[in-house]
Amino acid sequence: MLTFIRQLLDNWIVRIFFGLLVVVFVFWGISNVVTMIGSSNAVATVAGQPISLASVENTYQNMINRIAQQQGGKQLSAEERQLIAGGIVGEAIDKAAMAHEVARLGVAAPPNALRQQVFAMSVFQGQNGKFDMSRFKQVLADNNLTPAMFMADMTQSINADQMVQAISAGAGAPEPLITLLYNYLGQTRQVAYVQLPFAAVRPPSPPSTRVLRRFWRNHPENYSTPERRAFQAVILSAALLASRETVSAADIKAFYTAHKREFTATARRTVEIITAENKESAHAIATQWRSGASWTQMKAAAKKVSATALTLKNTTTADLPSGRLAKAVFAAKAGEIVGPVTGAIGTYVFKVTADTGSGVKPLSIVADKIKARLQLRKAKARVDADLPKLEDALAANTPLDALPSNLGTVTVTATADATGVGSDGKPVTIPGPVALRKAVLKAAFTTSPGVRPQAKSAPGTAYFAIAVDKIIKPHLKPYHTVKAAVLSDWTDHQIERQQETAAARLLTLIKSGASIVRAAGTIGYAVRTSGLISRNPPGTNGIPTKALPILFGLKVGEPTMVETREGFVVATVTKIVNPAPDADPNTRQRLTSALGKVMQTAVLQSFASGLRDRYHVKVNPTVLHRLSS
């Protein structure tokens, strides 16, 4: 009965998500704290103390390199870099604000607690599962951290964790809310319904030409040409200029040497994992799997014991929910059944199905990508240099077709509808990426004729200016050119109206007190009865998915009418079944835990808002933009 809830809460990824909610602080209220901070080099201030640009640059660059490596060297967009920069600065603000509050309250982490936490981190453990000093130093060096910097950060983290636990410990979801959501998700209903398909109606005979012509005139939106606009545009785009830029082999080699870490492939594995709730279930699962059971059979077996089975493709150690599990996965041989392995949120049994080794990609393989990146970098610099010249020319009322030839712009002259299709039915040519094409077309249909062109920005370091020459209004296509379409639409309309009339009559009879069986009999249709259905769309027994929200809002005996692509459905609720409080205690407990963590997060967010006010957080947008540029 509560399969949907199980599917929601059994996934270990969801468990991790709810766990993280408890420790997430939303100090980053940029919408209400942004102010200019003069020409200071501080990216933000907390309690009047600056967070320097230099203090976050290293973290930002490491994050950019890590993401680029995961994406195979693909360059991040300006919007993505801005988002990452905002997150890094937000994290720095979080730490600073919490540090001030910790100092104000006199919270201090015991040295022994700091030592235990560092020694327990799997990333610092050697092959024997114990703390390895050489690995500790190597990991810090790889992240450009000194031991002193790391320990200071850990001390601050432990202090903050004590604050978080103290603030959120008493927060929990009220029992009525838990019951309400438990019943909402687990409720099932039985429905009696009548299907009135369009296919069951015999098409009417074709009407007279006079009737069809009237239908044609009454529905001009279906038989008119779209509005078109004749316009001229000039485009200054790094993507269009990049191919013209020259990059030497020496430049490519130098970039490769300086960014070799970016071209180092991370070890990845594809693994089938079953997460059991206890060791006994995990042992039974492992035994069955080792006996030769297929993955399909194992998924079914896992479901019977409330375990979770999922496949993780091309995963890294960081993607796995437990350091112990990650170590076991990357030590296992392909095809080997391993487990049980005990982790923080369950006991695991797994099989590695694919292994992608690590290593540095040779220059010969990545040279073309490096060349393209360097070309784009040069093109962006040229766009930055040419943009002021373009703006000056436009300010001097220079016609678009008379702009200086050395600006690196591309001129487009076209007549098209809002989708970019010309009168010949073919897309007009607007060079550049799809996002740039969409921006130019949008501007063409939001600019009035005669308005002086101005430089507008577009995604991907691009700018354009547009002048609309003429608006070509829609006009009704000649009847003889759309006659076949008019007849087809008229026929469909008659069929739809006939079934709509029948469905409305059936609905009226039911609302007047007739049973659905009796009402359906009067119009010659049969009544079907569904099994118990839930709000979860799969397995709706023929009931349209779009009808579910309506049916779950009705009382027993109340009817509804829904139109689908295939016809109409008239349905009434015949039974409502709420889950018994003790029907699934495990699911109820998980729901209680999940809602409790959400309530804890709400408490923490209120606390965070208070800290923003107390310590007068300010962000310097100019320096923040410099970080992402």
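Every number here is computed from the coordinates shown, using simple stated rules; none is lab data. Quick caveat, the model's predicted, so the values are computed rather than measured. All Cβ positions, glycine included, derive from the backbone under ideal geometry; neighbour counts span all protein chains shown.
Observations on the structure shown:
- Global geometry of region 570-629, whether rounded, prolate or oblate, following the gyration tensor of its Cα atoms and the 1.5 cut on a/c: prolate
- Helical content of the chain, expressed as a calculated mean residue ellipticity at 222 nm, amounts to -15500 deg cm²/dmol (DSSP H runs of 4 or more residues, -39,500 (n - 2.57) each, divided by residue number, nearest 500).
- Going from the residue with the fewest nearby Cβ atoms within 10 Å to the one with the most, 456, 575 rank 575, 456.
- Residue order, fewest to most beta carbons within 10 Å, for 67, 337: 67, 337
- Under a model in which nothing but the beta-carbon of Lys, Arg (+1) and Asp, Glu (-1) is charged, the chain shows a dipole of about 1120 debye around its Cα centre.
- Between region 265-296 and region 563-629, the alpha-carbon center distance in angstrom: 31 Å
- If you plug the beta carbon distance of residue 342 and residue 58 into 1/(1 + (r/R0)^6) with R0 = 35 Å, you get a FRET efficiency near 0.45.
- Most positive-pole-ward Cα, 306, 499, 400, against dipole of the chain from beta carbon charges: 499
- Mean projected area in nm² (Cα convex hull; one quarter of hull surface) for region 167-220: 10.7 nm²
- A run of the chain free of exposed loop cleavage sites, with GluC sites (Glu not before Pro) counted only in DSSP states other than H, G, I, E and B and at most 15 other beta carbons within 10 Å, reaches its longest extent at 337-565.
- Dividing the alpha-carbon radius of gyration of region 241-397 by the rule-of-thumb value 2.2 N^0.38 Å gives 1.68.
- About its Cα centre, the dipole of region 267-357 is roughly 80 debye, where the only charges are +1 on Lys and Arg Cβ and -1 on Asp and Glu Cβ.
- Qualifying aspartates and glutamates (Cα of each under 17 Å from Cα of residue 426; at least 8 residues distant if same chain): 227, 417
- Axial C-alpha extent at least 30 Å, average Kyte-Doolittle at least 0.0 - helices from the chain (DSSP): 78-105, 147-168
- Hits among lysines - C-alpha to C-alpha of residue 575 under 21 Å, sequence gap 8 or more where chains match: 511, 546, 555
- For region 435-519, projected area of the alpha-carbon convex hull averaged over all directions, nm²: 11.9 nm²
- Cα point-scatterer Debye curve for region 512-592, base-10 log of I(q)/I(0) at q = 0.16, 0.19, 0.25 Å⁻¹: -0.71, -0.93, -1.37
- For region 414-557: rounded, prolate or oblate by the Cα gyration tensor [a/c cutoff 1.5]: prolate
- Cβ-based exposure ranking for 490, 216, in which fewest neighbours within 10 Å come first: 490, 216
- Pairs beyond 25 Å (Cα-Cα), from 378/456; 389/618; 279/327; 137/371; 130/260: 389/618; 137/371; 130/260
- The share of C-alpha pairs in the chain whose separation exceeds 32 Å stands at 70 percent.
- Rg and Dmax, both from the Cα atoms of region 267-357 and both in Å, are 11.9, 35.
- Peptides 362-372, 158-168, ordered by how many other C-beta atoms sit within 10 Å of their residues on average, highest first, read 158-168, 362-372.
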